[in-house]
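The values are calculated or read from the model by the stated rules, or taken from the named source; none is laboratory data. A quick note: this is a predicted structure, and the numbers were derived from the prediction, not measured. Heads up, the Cβs are rebuilt from the backbone with ideal geometry, glycines too, and the neighbour counts pull from every protein chain shown.
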Amino acid sequence: MTDTFARVADFALTCRADQMPDSAKEAAALMMLDTMGILIASGPMEAGVIARDTAALLYASTDAAYSARMPFDGRSVSMAGAAYAGATQIDNLDGHDGYNPTKGHIGVVVLPALIALAEQCRDLNGPAALAAVITGYEVAGRAGLSLHASVSDYHTSGAWNALGVVAMAARLRGHTRDQMRQAMGIAEYHGPRSQMMREIANPTMLHDGSGWGAMVGMSAAILAERGFTGAPAITIEAETAVPHWADLSQFWQIEHQYVKPYPICRWAHAAIDGVRALMWEHDLTHTQIRSIQINSFHQAACLFAGMPDTTSQAQYSLPFAVAVQAIHGRIGVEHISGSGLSDPVVEQLARRIHVDENDRHSARFPRGRWADVKLTTTDGQVLESGDIHARGGPEAPMSRGEVIAKYMEFATPVIGPTRAEAIHKVILGWVDPKSRYAGLLPLLFNAPAR
């Protein structure tokens, strides 16, 4: 067992909630609220329905001690099945948080894992739930950095966020150090090293691989708990991995996640923000736009260019997303699904939006997501945004009130304002030492009224 693994195990298994900064716990509560909004909003979507139905068909459990109910559904499946279904559902709305240095997402697996694990931890209090959340973020984020530094391919988040799920499970299920070590090795070995740019080129319900990351992480934890062994996780135990874990419990990655203002691939956000800012500044409507030139980093320029036929394509289409924002002043679920995919006004404007790669912006990826916009009006004015960084992260954070408003916007149409507000109060209330996780249970599992 390496010194690095010992450090990770000490943190995951023994660092108490009262040893974690209040600022980290507050950030964790806010990230869980934001992710909960996406979990709720994505429930009626096709990918979420398929994922939950498949979990019920294939990933159930014969033992109540290893079972968990699926949120806003109520059916009982295995803990691994519940984690899979929830993460797949969230991933397919693409409005969840992320961490710039990892080029990926953590909360997408942390919330479903917490819900599944808490089914067997009925005495869990609010701060302990947040400590588990923080553990998931801190371990997953560093595993992501370590993996990206050690391999040439750009892998999806599922490849490394599985290790964050293992850390959460080890903590909440009282694993020994050896059980946790074996589980980390199993999860890393089986984590879905899927190619992100392949999905970008052909957008589907695969998204960022996080559904399988959640399932692998939870399955690995239970396998190790029962005596299954796994080769040491090289993203933790290799000598080259040491620098990525050196600041564990000193630098709190949970406080540096970005929140998405739009349910669209983060790579498109700077361009959306640039057009949004120019239209506000010059009091423009979409009818006054002749054309839009967008310059951004390489990965953004690789996003889907045409009019989408599916929600998956819509969330990876930069011209489509920019056109929707310009026309409607926001991007909601209704714009990236159903009849929103064939809006002729959006299509007309999207055809006048052009995207090119810019070396200046590419050089700043993945530390930032930059773009600049040149908008030409119908009367011949040429308006330039200058360099714009995507809103929502440490560089241009959304306020606490804006994050709460986003949650309510996404949750309310599905579960109604009363239930949405009650969930909001419970989750943000977990920072109170007297709070109980169980306060969420009466609000969590009943399917929304149809």
Residue pairs qualifying under the 8 Å Cβ cut-off, at least six apart or on distinct chains, with the first in segment 415-440 being farther than 18 Å from LEU39 by Cβ and the second being modelled with pLDDT under 95, are ALA438/ARG122
Within segment 108-163, can you find the residues that are assigned to a strand (DSSP E or B) and closer than 18 Å to ALA12 by Cα? ASN125
Scan segment 17-29 and report the pairs whose first residue is closer than 21 Å to HIS96 by Cβ and whose second residue is among the basic types (Lys, Arg) and assigned to a helix (DSSP H, G or I), with Cβ atoms within less than 9 Å and a gap of 6+ or a chain change. GLU26/ARG400
Among the residues of segment 282-296, is there at least one that is under 23 Å from GLY98 (Cα atoms), outside any helix (DSSP H, G or I), modelled with pLDDT under 95 and not hydroxyl-bearing (Ser, Thr, Tyr)? no
Residue count, segment 113-143, condition farther than 18 Å from ARG16 by Cβ and either out of contact with any strand residue (DSSP E or B) (no Cβ under 9 Å at 6 or more places or on another chain) or basic (Lys, Arg) (or both), comes to 4
Among the candidates LEU117, LEU145, residue that is touching a helix residue (DSSP H, G or I) at 6+ places or on another chain (Cβ under 7 Å) and surrounded by 24 or more Cβ atoms within 10 Å (Cβ to Cβ): LEU117
Is it the case, given these coordinates, that GLY37 is buried (at least 24 other Cβ atoms within 10 Å of the Cβ) and within 22 Å of the chain's Cα centre (by Cα)? yes
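The rows are residues; the columns are (1) under 30 Å from LEU124 (Cα atoms); (2) in the same structural domain as HIS282 (by TED's automatic domain parsing).
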| residue | (1), (2) |
| --- | --- |
| LEU349 | no, yes |
| ASN358 | no, yes |
| ALA363 | no, yes |
| GLU395 | no, no |
| ARG400 | yes, no |
| ALA405 | yes, no |
| ILE415 | yes, no |
| ILE427 | yes, no |
| SER435 | yes, no |
Tally time: how many residues in segment 231-275 are assigned to a loop (DSSP other than H, G, I, E, B), in contact with a Gly (Cβ under 6 Å, 6 or more places away or on another chain) and not small (Gly, Ala, Ser)? 5
For the list (1) surrounded by fewer than 18 Cβ atoms within 10 Å (Cβ to Cβ); (2) at pLDDT 95 or above, I need the number of the one condition that GLY338 fails. (2)
When segment 38-74 is examined, which residues are found to be in contact (Cβ under 8 Å) with a residue 40 or more places away in the chain, of a type in the set (A, V, I, L, M) and part of a helix (DSSP H, G or I)? ILE38, LEU39, ILE40, ALA41, ALA47, ILE50, ALA51, ALA65
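Of the residues that make up segment 369-381, is at least one assigned to a loop (DSSP other than H, G, I, E, B) and basic (Lys, Arg)?
Yes: segment 369-381 contains one or more residues that are assigned to a loop (DSSP other than H, G, I, E, B) and basic (Lys, Arg).
Taking the condition touching a strand residue (DSSP E or B) at 6+ places or on another chain (Cβ under 7 Å), of a type outside the set (Asp, Glu) and either crowded, with 21+ Cβ neighbours inside 10 Å or more than 26 Å from ALA363 (Cβ to Cβ) (or both), does ILE423 pass?
no
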Matching residues, segment 382-409, being among the hydroxyl-bearing types (Ser, Thr, Tyr), under 23 Å from LEU39 (Cα atoms) and either part of a helix (DSSP H, G or I) or in contact (Cβ under 8 Å) with a residue 12 or more places away in the chain (or both): TYR407
Tell me yes or no: at least one residue of segment 219-235 is under 30 Å from THR311 (Cα atoms), assigned by TED's automatic domain parsing to the domain that holds ASN92 and at pLDDT 95 or above. yes
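This table checks each residue for (1) surrounded by 24 or more Cβ atoms within 10 Å (Cβ to Cβ); (2) β-branched (Val, Ile, Thr); (3) closer than 21 Å to ALA169 by Cβ; (4) assigned by TED's automatic domain parsing to the domain that holds GLY211.
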residue: VAL49; (1), (2), (3), (4): no, yes, no, yes
residue: LEU57; (1), (2), (3), (4): no, no, no, yes
residue: ARG75; (1), (2), (3), (4): no, no, no, yes
residue: ALA87; (1), (2), (3), (4): yes, no, yes, yes
ALA187: closer than 24 Å to GLY86 by Cβ, buried (at least 24 other Cβ atoms within 10 Å of the Cβ) and in contact with a Pro (Cβ under 8 Å, 6 or more places away or on another chain), yes or no? no
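A quick yes/no check of all residues on (1) without any contact (Cβ under 8 Å) to a residue 60 or more places away in the chain; (2) β-branched (Val, Ile, Thr); (3) closer than 27 Å to ASN100 by Cα:
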{"site": "ARG276", "(1), (2), (3)": "yes, no, yes"}
{"site": "GLU334", "(1), (2), (3)": "yes, no, no"}
{"site": "GLY340", "(1), (2), (3)": "yes, no, no"}
{"site": "VAL345", "(1), (2), (3)": "yes, yes, no"}
{"site": "ARG351", "(1), (2), (3)": "yes, no, no"}
{"site": "ARG367", "(1), (2), (3)": "no, no, yes"}
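Yes/no matrix, rows are residues, columns are (1) surrounded by fewer than 21 Cβ atoms within 10 Å (Cβ to Cβ); (2) polar (S, T, N, Q); (3) closer than 19 Å to MET205 by Cα:
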{"site": "PHE11", "(1), (2), (3)": "yes, no, no"}
{"site": "THR14", "(1), (2), (3)": "yes, yes, no"}
{"site": "SER23", "(1), (2), (3)": "yes, yes, no"}
{"site": "GLU26", "(1), (2), (3)": "yes, no, no"}
{"site": "MET32", "(1), (2), (3)": "no, no, no"}
{"site": "ASP63", "(1), (2), (3)": "yes, no, no"}
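Are any of the residues in segment 87-102 in a strand (DSSP E or B) and out of contact with any Ser or Thr (no Cβ under 9 Å at 6 or more places or on another chain)?
Checking segment 87-102: at least one residue is in a strand (DSSP E or B) and out of contact with any Ser or Thr (no Cβ under 9 Å at 6 or more places or on another chain).
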Which condition does LEU278 not pass, out of (1) within 30 Å of GLY95 (Cα to Cα); (2) out of contact with any Phe, Trp or Tyr (no Cβ under 6 Å at 6 or more places or on another chain); (3) assigned by TED's automatic domain parsing to the domain that holds ALA80, if it passes all the others? (3)
